[in-house]
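See structure below.
The values are calculated or read from the model by the stated rules, or taken from the named source; none is laboratory data. The structure presented is a predicted model; accordingly, all values stated were derived computationally and were not measured. Here the Cβ positions follow ideal geometry from the backbone for every residue, glycine too, while neighbour counts run over all protein chains shown.
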Amino acid sequence: MDKDDRFGTETLAPLRDQQVPPLDVSIERAMAIGRRRVGIRRAAAGAAVAAGVLAMGGAVFAVGHRPPSASVPQPDVPPAQAPVQCRVSRLPAPKGADHATATAVAPSGRFVGGATLGSEETGENGAALLWDAGQLRTIEIEGRSATPLGVNDDGVVVGGVTRNHKLAAWVFRDGHAEILPGLPGHDNMFATGVNARGDIVGVAGGPGDVNKAVLWPAGEPGEIRTLPAPGSAGAMGISADGVVVGYANDRPYVWSAAGAARELPGGAEGTALGIAGDWVYGTSGPSADDGNFGSALKDAPHSGGRPARWSLSRNRLETLPGTHPAAITASGAMVGLTAKPERNAVVFRDRPPANLPPLSDRPVPSVVNAASVDGRTVAGEQPGERDTIPLLWRCS
């Protein structure tokens, strides 16, 4: 096995369709979009033409793609806006780290979380990273493959780490990291998001492939709560005002700040992966796109399904053919990748979408993992045969 194949094997651990988080869940998910299939990377060589898409109010439709069915609401066409302008820069990485990525962005864009590669199989520990206005620090956490999945504007970071062949949820605050309380009978825990108050949400992997959506409330240190839900459930994101999104019983779900739960519109299998203000993104129904990447970081049942977004106030679903969103903003705009034949990192803010500039002329497209709440700060990576570079885009 050559170095490239070894790296692909390490980063493509089978999280997809797993309801209990598997071993070494973290960095491989952070890098999964760009390298989920070796063939995609090789087929991208020389690709320079952007995929033809139209973005309308944040929802994106491929040119020439079969339009959505009449049962799916069509987004309104916004007035013309000034084109999005973005600048890319390379985030500093620890000395000697060949593979690093940026995985989370604070709502304001000041703080960015990331990680270097770690694996129990290879003996590499990896490291959790935090950039404060571009300045790097390493987060010290015992274990392997510690990966940030959420960060707030106070620099509080949350994620998961592999310890003794199991996952543990962790939080970094006040200058040090600690393991969050576990849920009895659930061996695998990971935290997926944190809001301005410091409330943390995540997933507790339990026996029989039955997970629990969990909340660590900021006002009750040392406590963990389960969110009411039918079947197996997971919490994948939390808004500033405490609204939680995720999945329950194989359907996209939302929990109000008061804890009331309901299924999101669509009537199909799926999951809600993130929230900003009134807007939620995730999946609803099976994907029609061959080679769908699904969610890079916050893997959940059916996270590789048909991309969608919801307006909570209107209780409305819109499907997003031709896209692979990685984050949503408070205005409903998104960042992510266009679908086949080329995968281009883009901002879906207005019409047409803006391609995010690459750091170099590498044949492999850049990968987007997270964005600020206004979409002006976008984080991800640029994969390569020998290294993976953490990237930051600043957009106007």
Open item on the list: Considering only residues that are among the hydrophobic types (A, V, I, L, M, F, W, C) and at pLDDT below 95, which ones fall in the stretch 89-117?
Closed with: 97, 117
TODO: Count, please, the residues in the stretch 174-193 that happen to be under 12 Å from residue 150 (Cα atoms) and either among the aliphatic types (A, V, I, L, M) or over 19 Å from the mean Cα position of the chain (by Cα) (or both).
DONE: 1
- [ ] Identify the residue in the stretch 262-278 that is among the aliphatic types (A, V, I, L, M) and not in a strand (DSSP E or B) and, among all such residues, is surrounded by the most Cβ atoms within 10 Å (Cβ to Cβ).
- [x] 264
TODO: Name the residue, out of 182, 202, that is closer than 24 Å to residue 113 by Cα, buried (at least 21 other Cβ atoms within 10 Å of the Cβ) and of a type outside the set (A, V, I, L, M, F, W, C).
DONE: 202
Open item on the list: Looking only at the stretch 194-231, count every residue that is in contact (Cβ under 8 Å) with a residue 60 or more places away in the chain and under 20 Å from the mean Cα position of the chain (by Cα) and tell me the total.
Closed with: 4
Task: Segments classed as strands (runs of 3 or more DSSP E), wholly inside the stretch 310-396, with at least 1 members that are closer than 24 Å to residue 149 by Cα - done: 323-328, 334-338, 345-348, 367-371, 377-382, 389-395
TODO: Name the residue, out of 167, 149, that is more than 20 Å from residue 91 (Cα to Cα), buried (at least 16 other Cβ atoms within 10 Å of the Cβ) and either at pLDDT below 95 or out of contact with any Cys (no Cβ under 8 Å at 6 or more places or on another chain) (or both).
DONE: 167
Open item on the list: Given the criteria surrounded by fewer than 21 Cβ atoms within 10 Å (Cβ to Cβ), at pLDDT 90 or above and either under 25 Å from residue 152 (Cα atoms) or of a type in the set (Asp, Glu) (or both), does residue 257 qualify?
Closed with: yes
Task: Lone unmet requirement of (1) of a type in the set (Gly, Ala, Ser); (2) farther than 21 Å from residue 144 by Cα; (3) part of a strand (DSSP E or B) for residue 198 - done: (3)
Task: Candidates 332, 322 - the one that is in contact with a His (Cβ under 6 Å, 6 or more places away or on another chain) and either at positive phi or modelled with pLDDT under 95 (or both) - done: 322
